[in-house]
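Colleague: Quick one: the structure is below, questions incoming.
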Amino acid sequence: MKICLWVVFVVLAFAKAYPQGPPITADKPIMLGGNSFTMKTLTEIRNTERGTAAYVPVMLHYLPTANSLVALHVPLISYDLNGINGTDLADMKVMGKYQFYRKDGTGKTFRMVAKTLQTLPTGAEIDLVDISTGKYSGYYGVVSGYETLKYGISTEVGYNWMPDGTLDEFRTKLGFGLPLLKPQYPNKQLNLYFEYSSMWLHERDWYQLLYAQGVQYAMKNITLDLALQLPLVQDVSAGRELNYSLFIGARYTF
């Protein structure tokens, strides 16, 4: 009950937002401009063969310049896994991004960003990948994106290094965005997202290919996200399979 109230509070608190957010389960290199802040959340309800966990992060993003970003993610988690349950702080994260390439055209742009995500061991040691492991890890990758008025394409390739664990991971992502409404003012958008995530944890010999179908609604200064992620390919240890993940998000930029 507590985690449900926390989810509702966070989503409503961040509901006011500038439109056209990033892909829901992926990332993109488009930045809003220097000296701006974004408060956002992307709640994940993850159901696996072990049980269910609800992950609710509060994320503060700051752009010192038009081509750089730093961020702090403070997450709460509620879980019931193999009969073990609790509500705790999950692994906090610090992110940095730097846009090193940009080429603009009429009604289109292509950009590339170097990205790092430092995961701090503040969470419970419940072995929830990318949520709560209680171990330090450092992710290093490159995000690219091509956007036009008719569609958007984003990619990400990177490696997550965990020196004191067995979750070293090669990660790739591919996303497609499709706006259903013509550009208009005041802003009103309805966007569909088709997103693929590939994760190879070579130390455990695990592999997953996931697909997320998402929808994003934006009207004036409000942006809301909803996505359902399902496994396409799973080669993991018995009892560790993902059944589905549900994502609910909102953001506010100032």
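Colleague: Just to be sure I understand, how many residues within region 175-198 are part of a loop (DSSP other than H, G, I, E, B) and either within 30 Å of Ala238 (Cα to Cα) or within 23 Å of the chain's Cα centre (by Cα) (or both)?
Modeller: So the answer is 1.
Colleague: If a residue must be aliphatic (A, V, I, L, M) and more than 18 Å from the chain's Cα centre (by Cα), how many such residues does region 199-217 contain?
Modeller: Adding up the residues that qualify gives 1.
Colleague: For region 45-54, indicate whether the set of residues that are open to solvent by 20 Å² or more (accessible area, probe 1.4 Å) and either modelled with pLDDT under 95 or not in a strand (DSSP E or B) (or both) is non-empty.
Modeller: yes
Colleague: Which one of Lys150, Lys115 is in contact (Cβ under 8 Å) with a residue 24 or more places away in the chain, assigned to a loop (DSSP other than H, G, I, E, B) and open to solvent by 20 Å² or more (accessible area, probe 1.4 Å)?
Modeller: Lys150
Colleague: Identify all residues within region 239-254 that are at pLDDT 95 or above and more than 15 Å from the chain's Cα centre (by Cα); write none if there are none.
Modeller: Listed by number, the residues that qualify are Arg240, Glu241, Leu242, Asn243, Tyr244.
Colleague: For region 159-193, what are the residues that are within 15 Å of Pro23 (Cβ to Cβ) and surrounded by 15 or more Cβ atoms within 10 Å (Cβ to Cβ)?
Modeller: Listed by number, the residues that qualify are Arg171, Thr172, Lys173, Leu174, Gly175, Phe176, Gly177, Pro179, Gln189, Asn191, Tyr193.
Colleague: Out of (1) in contact (Cβ under 8 Å) with a residue 40 or more places away in the chain; (2) outside any strand (DSSP E or B); (3) not acidic (Asp, Glu), the odd one out for Arg251 is which?
Modeller: (2)
Colleague: Just checking, how many residues over region 220-243 are at negative phi and either among the aromatic types (Phe, Trp, Tyr) or open to solvent by 80 Å² or more (accessible area, probe 1.4 Å) (or both)?
Modeller: The number of residues fulfilling the criteria is 4.
Colleague: If the Cβ limit is 9 Å and pairs must be 6+ apart or interchain, which residue in region 92-110 that is touching a residue at least 60 places away in the same chain (Cβ under 8 Å) and farther than 28 Å from Asp130 by Cα pairs with which residue that is part of a strand (DSSP E or B) and not basic (Lys, Arg)?
Modeller: Thr109/Gly145; Thr109/Tyr146; Thr109/Glu147; Thr109/Thr148
The values are calculated or read from the model by the stated rules, or taken from the named source; none is laboratory data. None of these values were measured; they are calculated from a predicted model. With ideal geometry, Cβ positions are generated from the backbone for all residues, glycine too; neighbour counts draw on all protein chains shown. SASA here: full protein model, heavy atoms, side chains in, ligands and nucleic acids out. Shrake-Rupley method; radii C 1.70, N 1.55, O 1.52, S 1.80 Å.
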